[in-house]
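In what follows, a structure is listed as C-alpha cells, so that the remarks can point back to it.
The values are calculated or read from the model by the stated rules, or taken from the named source; none is laboratory data. These numbers were taken from a predicted model, which means no experiment stands behind them. Cβ placement follows ideal geometry from the backbone for every residue including glycine, while neighbour counts extend to all protein chains displayed.
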Amino acid sequence: MKAILALADGTVFEGEQFGATGETAGEVVFNTSMTGYQEVLTDPSYKGQIVTMTYPLIGNYGCNEADVESIGPQVEGFVVREYSAYHSNWRSKWSLDTYLAEHGIIGIQGIDTRALTRRLRVHGVMNGCLSTEDPNPESLVAKAKAWHGLVGWDLVQRVTCPNPYAWQHQENNNVDPKYRVVALDFGIKYNILRQLTEHGCEVQVVPAQTTAEEILAAEPDGVFLSNGPGDPMPVDYAIETIQGLMGKKPLFGICLGHQLLGLALGGKTFKLKFGHRGANQPVKHLETDRVEITSQNHGFCVDIDSLPNSVDITHINLNDDTLEGIQHREYPIFSVQYHPEASPGPHDATYLFSRFTEMMDF
Amino acid sequence: MPKRTDIDKILIIGSGAIIIGQACEFDYSGTQACKALKEEGYEITLVNSNPATIMTDPDFADQTYIEPITADTVELVIAKERPQALLPTLGGQTALNVSVELAESGVLDKYNVELIGAKLPAIQKAEDRALFKEAMIKIGLEVPQSGIAHSVQEALDLVKEIGFPAIIRPAFTLGGTGGGIAYNIEEYEKMVAAGLALSPISELLIEESVIGWKEFELEVMRDGADNVVIICSIENVDPMGIHTGDSITVAPIQTLTDKEYQLMRDSAIKIIREIGVDTGGSNIQFAVDPKTGKQVVIEMNPRVSRSSALASKATGFPIAKIAAKLAVGYNLDEIPNDITAETPACFEPTIDYVVVKIPRWAFEKFQGTDETLTTQMKSVGEAMAIGGTFKEALQKGLRSLETGWSGLDNHPLEELPLSELPSKLSIPNVKRIFYIKAALARGMSIEEIHAYTHIDPFFLYNLKEIVDFEQTLSQPSTQQQIKQHLQDAVLNHIPQNGEPDGVTTKKLLQQAKQFGFSDRQLSDIYNVSEGTIREGREGLGIEATFKTVDTCAAEFEAETPYYYSTCSSEDEVRPSDKPKIMILGGGPNRIGQGIEFDYCCVHAALALKAEGYETIMVNSNPETVSTDYDTSDRLYFEPLTCEDVLNIYHKEKPFGVIVQFGGQTPLNLAIALKEAGVPIIGTSPEDIARSEDRKLFKAVLDEIGLMQPPNGTATSSEEAAPIAAALGYPVIVRPSYVLGGRAMQIVYDEELLQEYMHSAVQASPEHPVLIDKYLEEAIEVDVDAISDGEKTVIGGIMEHIEEAGIHSGDSDCVLPPYTLVDEQIETLKTFTYALAKALRVRGLMNVQYAIKNDEIYVLEVNPRASRTIPFVSKAIGVPLAKLAARVMAGETLAELGFTREIEPTYFSVKAPVFPFNRFPGSNTRLGPEMKSTGEVMGIDTDFSRAFAKAQKACGYTLPLRGKVFISVKNKDKRAIIFIAKKLIDMGFELIATHGTAKVLLRNGMEAELVFSIGKGRPTIHDYIKNHAVDLIINTPTGDLHRPNELLIREMAITHDIPIFSTIPGAAAAVNAIDALQRGDITVTSLQDHFRTL
C-alpha cells in the first residue's frame, strides 16, 4: 500500500506502508542509532513525533517482549528506508510489521531517509503528516502545516502513569533493595527502572502531577525525575513539585527531568534546531575529563547561560557545547540531559546511578 | 593531553612486501601515520622494504630506509638515527613482530627507544594465546575452550573437557594441513595421530568448535585518558570457520539487537583495557551462537589491521591517522573530525548506508591446491561497495570484483545437478554465493540453505529478494513491456506519468536499481545492448544519485567530498566549475595488479592537485591510499565498470580522464568510455590497442624495424601443432588477450601443447591462441620510459636475474643492468625511443626485451604505467608517475625539467614474494604466468649486497655456512663449477646427486652423495626434513614432467630453505652470501642515496 509523508515546508515523500494504516501527524525527527529500533519505538519521549531512522535497514532482528521501554510503541509514525520483512534473531518474536500493526503505528518505507534527514538538519525539525488514506500530497502538506506542533504542549499528560505503582523487576536481580526511591513519571523508560533496581533501589513510580508533599509523605531516600516527551515549559506543576523537593531529598534527573530541574532552578530552556537523537553523542565529564559516548533523545535544552550560580556544570556535549549535566552546589541534586540508562545505546554513563545511591547513602 | 614534547624523532616500521593477509592496507595506515606525525612536527624515520608503497616516497618521512624489516637491520637503523620512540602498531604483523623482537632482545632499551601506542606486555598479552585466554577469563568473558597437546594421551584428556565437535590444528604445518574437525572419538584419534606426525614440533592445538557461529568484529580505539570508542562494527556473512579475510562482510552489524550489540561493545572496551593497549586501534573478533546468543571472544589484534582499513573507508573515520596522533599524547577529544570539521574525533561514527566487502581470490593461478575456504586466509584482494541497501551494496560489490560478474549473476552453475548443490553449499568455496543463488532459483528454502551454509537467514532472505525480483523482471509479459518502453525511451518517446504502463516500467527499473542491478544485468535480461538500457532508463528519469560518506548520518554537514552512488531521490554532489581530471584506479588487488598501480594513481592525484586541477579518484579497493579521502579532491568509492564510471563522468564532467595508471582495469574500459564521449588523456586507447593486438603490433615493429621472437597464431587446436613444430619447441602459448600472464605457459613438446590446447584454453577464430618461440637462456630486460609525444626519456633499464620466460613480475631484477654492455644499453634506448614514437605515447611506457646471442627481441610493449614504476622511481629518485600525469595534462618533459636519463651510482634489486605456503599442492614452479603477490627492494652501492638485502627482505635467510645441495640440468653443469668452487672457498659443504657430483669431482670438488628420488635413500627430501641442508641450487630441465623437482621446491619453501632454480640466480646468491660473510652490510636512507645522483 502506498503511504505519503508530507512536511510542513511542502516536501513530500512517497513510499510503501508497513505496520498500521491510517493517518497521523507529528513533529518529524531523525534518530541516528544503528541498532535499537524497538527501544526507540517504545520510548515515551517520542510521543508526538514521527521518527525517521537514518540507518537504512530496519526490522532485521524483529521485535521481542524484553526490549521495550514502556508498554508499547509510543511514536506517532515510523519512517525507514528499507523495512526488512525477514527478521532473524534468536530472541525475535514478531516482525516489526506485525508489532507496529498491532499497536496501531503507521510505518512508511522506501523513501530517501537521508534526503529527509538533510532537510531536517538544514531547516530544523518540522511538523509532518503521514498517511495511507489521503493520496493527495497538497492536502497532506496542509494538514502538516495545520498541526499545532510540540512547543507549549504538555505531552507528559499523555504518557505518565495514571496511578502510582511499585516497579516489579522482571529479570533476576540479586541486589537487595537498600534505598527507597520515588520516581516521578514524565514518561519514564523501563530501563531507568531496571537500572535503579539493579543499583539497590526499591522504586515507587508516581504520576507526574504528584505533589512534593505527597512525595515527602512517602519518606523516600531519594526522588528520581524521569525523562519524557516534548516541551518542559508547560509542565509547570512538575517544576513546582521539584522546587518543593529541592534541599529536602536527593534528586536525580534525566532528560526532561533534567530540563524541569533546570527550570525549577530558575534557568531557561530552548528548542534545538533538530535535537540530539542517537547513540553516539560525545559528552565530556568535566570533573574527570573523560568522554562518554551517550544515548540521547531530546529536542529541548537547558540554556547554559541561564543557569544560576547555585549549580555547577558537570557535563558538556562535545559536538555543539550544549549543556549535558549539572550538579547543585549545596544540595544533593544532579541531572543529565542524556540517557545513562542507554537502551538503546552505550553503557558508558551507568556510573550515574551509583552516584545517585551514593548521594542517598550520605 | 597535548602532544608530547619529550620526543622529537619517531621510528615507523612498515609491513614489507604484499603477501596474503598483509596487503596495501598497511601502506594506507603507514602513510596516514607518517603524514599525521610530520604534520605535528616530528621527525620520522621509516623502515619498509616495499618500494611500491606511498609511505616510502621520500616526502613522507625524513629518513626513508628501504631495507629489510628484520631485527638486525632495524637495529642498524636505530643505531644510526637514534629515534626516541618506535610506533609498532601500523605496519601489520610484520612490524609488530619485529618490534617485539627488538624489545625482547634489549635493543630498544640499549638505544633508549620507547614503544608508543602499545607496550610490550600489552602486545604479548594479545598475541600469546594462553595469556590472552587468561586475561579474558579474568575479566569474565568467555573464549572457546582450547588446549595444547603433544601426545595422543594429552589430546584425549583435552577433548574430555572440550567436547565434540573439536578442532585439531597441528602447529607449523603448511597452509594448516593436517587440521580438521572431529565429530566423534574415532575420527578424533585418527586426526590427532596424523596431526602429531605432520607437525614438525609434534604439537596440536585442540579447540572447541564454534564453526557455524555468527562472526562479528569491532574496531576499537583508546586514548591516553582511557576514552574508548567503537569506530565500526562488522558482521561476517560467512560464519565462523572461514577466515574473515575470506568472508563476505557487512558493516555495520545487521542481525544483533541493541542489547546484544551493547554487550559486545562492553566486552570490547573491557578487553582493550585489560590487554592494556595504551592508545590506538584494535580489532576484536567475537563469535555468537545463533541459537542462544552466547558470545565468545575469538581474538584481538592490538594494532591497525585490514579490518581497520575497511572500517576507515566504511565510515570515513581515519583510524590510522588518529591512532598516530593518540600515540604522541593527544586525546580523542582534542582531535577534530576531518569530515565534519566542527565535531571532535571522540565519538562513534554512525552510518546511513550499507557497506559490503567481498574478497577476491586467485585460485586459477594455483591449480592443484584445495580451494576450500578455511580459517587460513587465501584471498589476494578485496572490493568494497557502498549502497543504500544490503542488496545494492552486494551487487555493486560483486561487479567491483572485476571477475566478469556484473552482480549476482546467473552462472553456468545453474546447470549443476541439484544433487550436487548441498555439498557446494556446505563446503565453503569461492563461488558459494552463486550456488546460493542457484539453490534459491530452484526453490530451495532459506531454512535449508541456512542448514547447509550457516549463513544468517537475514542475508539469505536478501539474496532471495534479488532472485525473486530478477524473476519478476524476466517474466515474459513484463519483459516484453519493459523492453518496449526502454526502446521507446531511447527514441525520446517517454511514457507520460498518466500512462499506467510507463509508470510500472519506471517503478520496476527503479527498484531494480535499488536492488543494485547493473545495466549489464538488465541488458542480459532484456536482450538489448547496455547502451539501450542506459539511454532508456535515463529517458525514463532513472539515474544514479550520489551521497556523502560523512561519519554522522547527515547529522552534521560534511566537509570532505567522499561519495558513493545509490538509487534514491536526492543527489548531494555539487560539482565545481574548476578544471578537473578524473583518475580511474585499479580495483581490488589481484596477482599482477596491486599496490604498484595504486601508487601511480595516488601520484597522479597528488601531482595534478599541486598543479591546481581538481582531482577525482574512482576506486573500489578499501585497502588503498587512493581511497583515502584526502588523497584527491573528490573520492568516488565505486565499482570500475563502464556504467559506474559514466555515471560519475556525467556528474563531474572532467576535461580529462586518466586510464593508464590503474593497470588493466581502466584500460579495459578505455574504448567503451571513449565511444561514450569521455575524453581520455595520455596515450590514446587506439594506440594502446595497437600495442595489444598482435597484428597491429607486428605492423608497428615492422615499420620501425624491430624484431619479435618468431611466432604464429592458432585459431584451433589443430592449427597449433604445425605452427609450434615450425617454430621449434619450446614455445610460449597464451590466449590472445591476457592479464598478468593468465594461462600463459611454456610448452616443451607436442603432448604438452595438446594438453594445453584442450584444457587451458578454447581456441577459436574470435579467441585465437598465440604461439611464440621461447627464447631459452635469453636475458630479459624491462625498460620503463616516459614520453610527451615528442621527447622520450628512459626511466630505468632493469636486467632480470632469471632468464626470459619467467614473468617479469616474478623475476628478480637489477637497475642499472649488471651484465649488459654499453652498446646493448644504447640499442635498448634507441629501440625504446622508436617504440614510443611509433605508438604516440603520452605518458608512461614499459617494454620487455629479450637478448639472445646479441640479438634484441621485443617481447611486449605496454603503453601505460607498469608494475615497476614505483621501483624505478625510487631507484632513480624521480617520481615518474607524477611527471607522466602532468605530461598527460599537457606539459612537456622539457617544461618538467626531465630530459636526461639518470644513472644511479648504486644498485637497486627488486625481488618477488610468493604465496605458495598458502596453496599446498599447487605448482610452485615459475613461468610466464605471474604468481607473486608482492615485491621488495634492496639498495646498495654493491650489487651483491643489494641482492643480499633483497633476499633478506623477501624472508629468505641466506646461510653463512652449512651445506648446499646442488642438482643441475646437463646444460648448466659447466656453469655450476665456478659457483660450486666459490661455495667451497667460502666454507660450505656440498651435497649432490650422482650426475652433478661426478662433474664436481672431476673438477676437484668433493660432494656428499644423495640419491635421486626413487633411486634409493637418503634423498634430498630426507635432508630437507632433517634440516640438514641450508641452501638448494636446483635447475629443473624445464618441463612439467619433473614432479620430483617440484616437490623439492615445495619442501624447500615449507622448510624455509632458500632455493635457486637458475644459474644467474644461484650466482647472485653466492655473491650475496659472500657479501654477508664479509659482514659489511650497512643501511642508507633513500634521501642519502638520492644525494649522490
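General observations
- Condition check for B:Ala149: surrounded by fewer than 19 Cβ atoms within 10 Å (Cβ to Cβ) and in contact (Cβ under 8 Å) with a residue 12 or more places away in the chain: no
- Of the residues in region A:269-285, not one is of a type in the set (Ser, Thr, Tyr) and farther than 28 Å from A:Arg119 by Cβ.
Here's the yes/no breakdown for (1) within 17 Å of the chain's Cα centre (by Cα); (2) not hydrophobic (A, V, I, L, M, F, W, C):
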| residue | (1), (2) |
| --- | --- |
| A:Ala142 | no, no |
| A:Ala146 | no, no |
| A:Thr160 | yes, yes |
| A:Tyr190 | yes, yes |
| A:Thr197 | no, yes |
| A:Ala212 | no, no |
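- Residue check for B:Gly1014: at pLDDT below 85 and loosely packed, with under 14 Cβ neighbours inside 10 Å: yes
- Restricting A:Leu323, A:Leu272, A:Leu286 to residues that are farther than 20 Å from B:Ala553 by Cα, at pLDDT 95 or above and within 13 Å of chain B (Cβ to nearest Cβ) narrows the list to A:Leu286.
- Answer from B:Gly404, B:Gly381, B:Gly443 - the residue that is touching a residue at least 40 places away in the same chain (Cβ under 8 Å) and not aromatic (Phe, Trp, Tyr): B:Gly381
- Subset of region A:344-355 (residues that are touching a helix residue (DSSP H, G or I) at 6+ places or on another chain (Cβ under 8 Å) and in a helix (DSSP H, G or I)): A:Phe353
- Here B:Ile335, B:Ile298 are screened, and the one residue that is over 25 Å from the mean Cα position of the chain (by Cα), over 25 Å from B:Ala130 (Cα atoms) and surrounded by fewer than 24 Cβ atoms within 10 Å (Cβ to Cβ) is B:Ile335.
- Region B:269-286, residues that are more than 11 Å from chain A (Cβ to nearest Cβ), closer than 16 Å to B:Phe132 by Cα and either of a type in the set (Asp, Glu) or within 32 Å of the chain's Cα centre (by Cα) (or both): B:Ile271, B:Ile272, B:Glu274, B:Ile275, B:Gly276, B:Val277, B:Ser282, B:Asn283, B:Ile284, B:Gln285, B:Phe286
- Any hit, region B:454-462, residues being surrounded by fewer than 23 Cβ atoms within 10 Å (Cβ to Cβ), more than 32 Å from the chain's Cα centre (by Cα), within 19 Å of B:Val237 (Cβ to Cβ) and at pLDDT 95 or above: no
- Flag not set for B:Ala103, criterion: modelled with pLDDT under 95, under 22 Å from B:Ser282 (Cβ atoms) and not in a loop (DSSP other than H, G, I, E, B).
Quick grid of which residues meet (1) under 25 Å from the mean Cα position of the chain (by Cα); (2) crowded, with 22+ Cβ neighbours inside 10 Å; (3) outside any loop (DSSP other than H, G, I, E, B):
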| residue | (1), (2), (3) |
| --- | --- |
| B:Glu751 | no, no, yes |
| B:Gln754 | no, no, yes |
| B:Met757 | no, yes, yes |
| B:His767 | no, no, no |
| B:Ile786 | no, yes, yes |
| B:Gly805 | yes, yes, no |
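- Of A:Leu263, A:Leu196, A:Leu245, all but one fail to be away from every other protein chain (no Cβ under 14 Å) and either among the β-branched types (Val, Ile, Thr) or in contact (Cβ under 8 Å) with a residue 60 or more places away in the chain (or both); the exception is A:Leu196.
- When residues of region A:114-152 are limited to those that are basic (Lys, Arg) and in contact (Cβ under 8 Å) with a residue 24 or more places away in the chain, the one surrounded by the most Cβ atoms within 10 Å (Cβ to Cβ): A:Arg114
- Here is the figure for region B:570-626: residues that are acidic (Asp, Glu) and within 14 Å of chain A (Cβ to nearest Cβ) total 3.
- Residue, nearest to B:Ile979 (Cα to Cα), within region B:1045-1079, restricted to residues that are in contact (Cβ under 8 Å) with a residue 12 or more places away in the chain and part of a loop (DSSP other than H, G, I, E, B): B:Thr1062
- Within region A:15-45, restricting attention to residues that are touching a Pro at 6+ places or on another chain (Cβ under 8 Å) and over 16 Å from B:Gln262 (Cβ atoms), the residue that is surrounded by the most Cβ atoms within 10 Å (Cβ to Cβ) is A:Ser45.
- Among the residues of region A:39-98, those that are part of a strand (DSSP E or B) and at the interface with chain B (Cβ under 8 Å from one of its Cβ atoms) comprise A:Leu57, A:Glu82.
- Residue match in region B:623-631 (condition: in a helix (DSSP H, G or I), within 23 Å of B:Ile786 (Cα to Cα) and at pLDDT 95 or above): no
- Selection status of B:Lys882, over 30 Å from B:Asp772 (Cα atoms) and either under 22 Å from the mean Cα position of the chain (by Cα) or surrounded by fewer than 20 Cβ atoms within 10 Å (Cβ to Cβ) (or both): no
- Filter pass, A:Lys268 being more than 30 Å from B:Phe317 (Cβ to Cβ), surrounded by fewer than 24 Cβ atoms within 10 Å (Cβ to Cβ) and more than 20 Å from the chain's Cα centre (by Cα): no
- Candidate set from region B:590-620 (those that are modelled with pLDDT under 95 and in a loop (DSSP other than H, G, I, E, B)); member that is nearest to B:Asn50 (Cα to Cα): B:Gly594
- Hits in region B:842-875 (condition: among the β-branched types (Val, Ile, Thr) and surrounded by fewer than 24 Cβ atoms within 10 Å (Cβ to Cβ)): B:Ile851, B:Ile856, B:Val858
- Candidates B:Val304, B:Val277: the one that is surrounded by 24 or more Cβ atoms within 10 Å (Cβ to Cβ), out of contact with any Ser or Thr (no Cβ under 6 Å at 6 or more places or on another chain) and in a loop (DSSP other than H, G, I, E, B) is B:Val277.
- Hits in region B:350-375 (condition: assigned to a strand (DSSP E or B) and either at pLDDT below 95 or within 26 Å of A:Arg114 (Cβ to Cβ) (or both)): B:Thr350, B:Val354, B:Val355, B:Val356, B:Lys357, B:Ile358
- For region B:292-333, the set of residues classified as aliphatic (A, V, I, L, M), within 14 Å of chain A (Cβ to nearest Cβ) and under 20 Å from B:Ala383 (Cβ atoms) consists of B:Ala311, B:Ala314, listed by residue number.
- Taken together, the criteria exclude A:Ser139 from residues that are within 14 Å of chain B (Cβ to nearest Cβ) and either out of contact with any Pro (no Cβ under 7 Å at 6 or more places or on another chain) or at pLDDT below 95 (or both).
- In region B:678-700, the residues that are more than 13 Å from B:Ala838 (Cα to Cα) and at pLDDT 95 or above: B:Val678, B:Pro679, B:Ile680, B:Ile681, B:Gly682
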